[in-house]
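Presented below is the structure to which this report refers.
The values are calculated or read from the model by the stated rules, or taken from the named source; none is laboratory data. Nothing here was measured: the structure is a model prediction, and the numbers come from that model. Please note: Cβ atoms are built from the backbone with ideal geometry, for glycine as well, and neighbour counts cover all protein chains shown.
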Amino acid sequence: MDLLAHATQSSEPLAHRMRPRNLDEYIGQDHILGEGKLLRRSIRADQLSSLIFSGPPGTGKTTLAQVIANRTASHFVSMNAVLSGIKDLREAIDTAKKLQKMSFQRTILFIDEVHRWNKSQQDALLPWVEKGTIILIGATTENPFFEVNKALVSRSRVFQLLALNEEDLRKIADQALTDKQRGYGRWQVEFAEGALEHLIRIASGDARSLLNAIQLAVETTPESFPPEEGSKISISLATAEESIQHKAILYDKDGDYHFDTISAFIKSLRGSDPDAALYWMARMIRAGEDPRYILRRMLILASEDVGMADPNALGVVVSAASAYDRVGMPEGQFHLTQAALYLATCAKSNSCMGYFDALQSVGEEEATVPNHLRDPSRDKKSFGHGRGYQYPQAFRDHWIAQQYLPGSLKGRIFYQPTARGYEGQIQHEVIRRRQEQLELMFAQEPENLSFSPLDEKKDLWIRRTQGALGPRRRLLQTVVDSMQIRRADRILLLPLRSSGLFWELYKKVPEGGLTAIAENAEFQDLVAFSLEGLPEAERPLIVQGALSETTIFENEHLAGLYWEHIVVDGSYKRDNELLIDPFASRLAKQGWITGCVPLPGYGSRLSNLLEDRIAKDLFDTVQKAEDAFYRKKVVVPEKRDFEQIKGLFLKDWRQIEIEEQLVPSSHWLKPWLADQNGSWFDFICREISSDAARSLKSTIERELPATSFPWRRKWLLYRLQQTD
C-alpha cells in the first residue's frame, strides 16, 4: 500500500503535492491572513461565514479552501463549476440537510470557478445559504461583484488575493526543494546563478506556474527520474529558460482585466503620465484589444478631461483615428502613440462637466425662453416675440451684455474656465463679460441683488457642514481620516478610554482587527458587554493591563501580534517615559503610530468669558494667575522627544482646533470653582483678597450660565512611521 501511495503521489504535479496542509504552511496573502487578521481568526476558531475568494490564477484560492477543509469539523464538499451542475448541487444540499438534522453538523460547500455557473445555478444555492444549511466558499478569477449573483455576494465576505511577491515565491520554491516527502528534498538540487531568479520573475506572482516550471526543470535534467537518493541535480540558466515560458497577459475583453486596464490607461492620461499611458496601451494592444476601442476612449477623454484647456486635442485624436483607419496595423500603432502622448502631455480641464450641471437644472425646473430670445418670424406682431433682442455683431467687439438664461436661472454659473492652457487666455474675458451681464440683470431687478440659486445651495451646504458634527465627533473624524486606514489593517488602541474612538476604528477594519488595552476594568466590561451581539471571530480584542507594565506583551492574546497602526489616545508619557517606546517594536513593516494629546489652555480659557464682566485690574490679575495654573497643570509635548525615537520618523506634528458653542452650566463650572488645593479657583485666590474672590465666584455663577460663548479646544496630533 505504501509503494502504491508513493507511486500515486509521485505522478501528481508538484503544485498539487506541495499544497499547504495548514495555515502555518500557507505562504503569502498576509494582508488577509496575517496574525490577528479576521480571516485567520475565523479559520482557527472554525467559525466561518460564507466567503468568496477572488484573485489571479496561482494565488492560493483553492489551496486556502483546502486548508479550511483540513481545519474544520464541518462536512466539506468540493465542486468545480465547470464539471459540476445542478444535479451535483442537489445531492450536496440533500446531504447537508440530513447532517444538519441528524447531527447538527454544518456543511461547507467549496465551488471553484464559481463565476462559471449561470444565474439559475447560482440562484439554486441562495435559499440554502440564507437558511444556513450551507456555508459557501467560492473561488473566482473574476470580479465577484459583476460575475456572482448579487444576493450571494451580499451574504458573503469577499477577500481579494493578490499576486504573490518575489519573496513569497522564493519561500515556496525553497519549500519544494527541501521537502523530502512531497518535494525534491531527497536530492541535491542546485540552480545556476540567476536560474531560480528567472523562474520566479517570469512566474509573475503565480505559485502554480513556478512549481510547474521547477518540476519540469528538475525532472528533465537527469537522464532518468528519479535518480538515486542524494544525487546532485544541477539546473542551468538555459534549462530554466526552457522550463518556463513568458506568461500570456491575463486579459479578458469582457471581464475585469479589460476594464481595469483601460481604467489605468485613462487615469494615466488624465494624470499626465506619458510613461504609464504608453505601458497600459501597449499591454492592451499586446493582449489583442481593438485599437478602435482605445481611440474611442481617447476621443471621449479629449473633451471630458482636456476640453477647453487645449481644444486642439480633439482634432489630434480625430486625425489619429482617421489615419489608423487608412493605415491599419501594425503601422497604425504610431498614430495611437501620437494621440496618447499628446493627451498625456497637454493641459487639462474638466470644465465641460458644466453641461451636466445645466442638464440637472433642466430636470429640476422647466424654464421658459425669455421673450427677446424667441423666434420673431411667427409671433412678433401678436406677442412681441424677439422684441428687445440686441444683435451682438452690430456692436463693438461683436458683443453686448444681455440676458440669455431663463429668468428663473439668472445668475446661475455652469462653465468655470480654468487658468490652464487655452482657457487661461480666455478666462479673464469670460469672467468680465459674465460680470457685466450680472450687473445688467441686477440693475433691472434690484430686489434680486442678494439672491442667487447657486450661492443659496452653497450657503446651505456650509451651514449643514458646520453644524453636522459635535466637537468630539469632529476630532475623532480628523484623527481617523489622517491615518489612511485600509480595511485589512490591524490597529492597537492605547488605552481604551473612549468608546467613540474605539467604534470609529473598529468600523474601518472589517477584514483586519482591532486590539485595545484597557486600564479601567469597569470601562472594559462596559465595552465588552456591547460586543456580545457580534460573532466571536469578529469581535475586537480587549486586553486588561497597565500600559506602564513591561510585562504587557506576555499576555497570551498579544503574543506574536503586530499592527499596522498604533493609536495613543491622550497622555503620551508615563512616569516621565514615552508611552510609545515599548510598543514601537510591535509595528508591522512601515507601520504608523498616531497620537492625539489635549492642550488645555491653548484654546479658550475661563478668563476669556470674564473680560467684559469684571474690572480691568482684576481681569489682569486673573489672567496672570491663570497662566500659572496652566503652567503647573499642563505638560506640553516637546517635538524633539519624538524626533529622537529610534526607528521612527516624525511625519506629522500639528495642532487641531475645534470650536463649539458653550453655555456654561453649574455642573460644568463646578471643577473650575472647587474649593480645593490646585483647582483653577485656588490659583486665583492666591493672587486676590478673599472678598474679591467671593465676588468673582458670585459673578461667574450668576452671569455665565445664562450666556452662550464660542469655546475653542486644541489638541496636538502627531504621526510617526517605522523606518527600519
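Data for the structure
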item: Residue in segment 425-441 that is at pLDDT 70 or above and polar (S, T, N, Q) present; result: yes
item: Members of segment 71-105 found to be among the basic types (Lys, Arg) and farther than 25 Å from GLN47 by Cβ, listed by number; result: LYS87, ARG90
item: Options ALA323, ALA309, ALA287, ALA248; residue that is at pLDDT 90 or above and either surrounded by 16 or more Cβ atoms within 10 Å (Cβ to Cβ) or over 25 Å from the mean Cα position of the chain (by Cα) (or both); result: ALA323
item: Close pairs from segment 382-411: first surrounded by fewer than 11 Cβ atoms within 10 Å (Cβ to Cβ), partner among the hydroxyl-bearing types (Ser, Thr, Tyr) and at pLDDT below 75, Cβ under 9 Å, at least 6 apart; result: none
item: Listing of strands (runs of 3 or more DSSP E) fully contained in segment 92-160 that carry 3 or more residues being among the β-branched types (Val, Ile, Thr), assigned by TED's automatic domain parsing to the domain that holds THR59 and within 31 Å of the chain's Cα centre (by Cα); result: 134-140
item: Output for segment 632-679, where each listed residue is in a helix (DSSP H, G or I) and out of contact with any Pro (no Cβ under 8 Å at 6 or more places or on another chain); result: LYS632, LYS639, ARG640, ASP641, PHE642, GLU643, HIS667, TRP668
item: Residue ID - farthest from PHE334 (Cα to Cα), chosen from residues in segment 266-290 that are part of a helix (DSSP H, G or I) and in contact (Cβ under 8 Å) with a residue 60 or more places away in the chain; result: ARG270
item: Flag for ASP88 being among the acidic types (Asp, Glu), within 29 Å of the chain's Cα centre (by Cα) and in a helix (DSSP H, G or I); result: no
item: Selection status of VAL622, of a type in the set (A, V, I, L, M), touching a strand residue (DSSP E or B) at 6+ places or on another chain (Cβ under 9 Å) and not in a strand (DSSP E or B); result: no
item: Residues that are at negative phi and in a loop (DSSP other than H, G, I, E, B), drawn from segment 10-40; result: GLU12, PRO13, MET18, ARG19, PRO20, ARG21, ASN22, TYR26, ILE27, GLY34, GLU35, LYS37
item: Test: residue in segment 486-507 that is at pLDDT below 90, in contact with a strand residue (DSSP E or B) (Cβ under 6 Å, 6 or more places away or on another chain), over 30 Å from GLU554 (Cα atoms) and not charged (D, E, K, R); result: no
item: Any chance LYS633 is under 25 Å from LEU476 (Cα atoms) and surrounded by 15 or more Cβ atoms within 10 Å (Cβ to Cβ); result: no
item: Some residue of segment 140-151 being touching a residue at least 40 places away in the same chain (Cβ under 8 Å) and surrounded by fewer than 17 Cβ atoms within 10 Å (Cβ to Cβ); result: yes
item: Within segment 118-139, tally of residues that are over 22 Å from GLY55 (Cβ atoms) and surrounded by 22 or more Cβ atoms within 10 Å (Cβ to Cβ); result: 1
item: Flag for VAL369 being at pLDDT 75 or above and in a helix (DSSP H, G or I); result: no
item: Selection status of SER499, surrounded by fewer than 16 Cβ atoms within 10 Å (Cβ to Cβ), within 25 Å of ASP481 (Cα to Cα) and not β-branched (Val, Ile, Thr); result: yes
item: Matching residues, segment 103-113, being touching a residue at least 12 places away in the same chain (Cβ under 8 Å) and either over 17 Å from GLU130 (Cβ atoms) or of a type in the set (D, E, K, R) (or both); result: GLN105, ARG106, PHE110, ASP112, GLU113
item: Hits in segment 41-66 (condition: of a type in the set (Ser, Thr, Tyr) and either assigned to a loop (DSSP other than H, G, I, E, B) or within 18 Å of ILE111 (Cβ to Cβ) (or both)); result: SER49, SER50, SER54, THR59, THR62, THR63
item: Residue within segment 640-652 that is modelled with pLDDT of 90 or more and over 30 Å from LYS589 (Cβ atoms) present; result: no
item: Residue count for segment 684-724, restricted to those that are hydroxyl-bearing (Ser, Thr, Tyr) and assigned to a strand (DSSP E or B); result: 1
item: Residue in segment 674-681 that is farther than 20 Å from LYS632 by Cβ and either touching a helix residue (DSSP H, G or I) at 6+ places or on another chain (Cβ under 6 Å) or free of Cβ contacts under 8 Å to residues at least 40 places away in the same chain (or both) present; result: no
item: Helices (runs of 4 or more DSSP H) wholly inside segment 470-569 that include at least 3 residues being among the polar types (S, T, N, Q); result: 471-483
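Every residue, every condition in (1) at pLDDT 90 or above; (2) in contact with a strand residue (DSSP E or B) (Cβ under 8 Å, 6 or more places away or on another chain); (3) farther than 28 Å from HIS31 by Cβ, yes or no:
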position: TYR572; (1), (2), (3): no, yes, yes
position: ASN576; (1), (2), (3): no, no, yes
position: ASP581; (1), (2), (3): no, no, no
position: ARG586; (1), (2), (3): no, yes, no
position: TRP592; (1), (2), (3): yes, yes, no
position: LEU599; (1), (2), (3): yes, yes, yes
position: ARG605; (1), (2), (3): yes, no, yes
position: GLU611; (1), (2), (3): no, no, yes
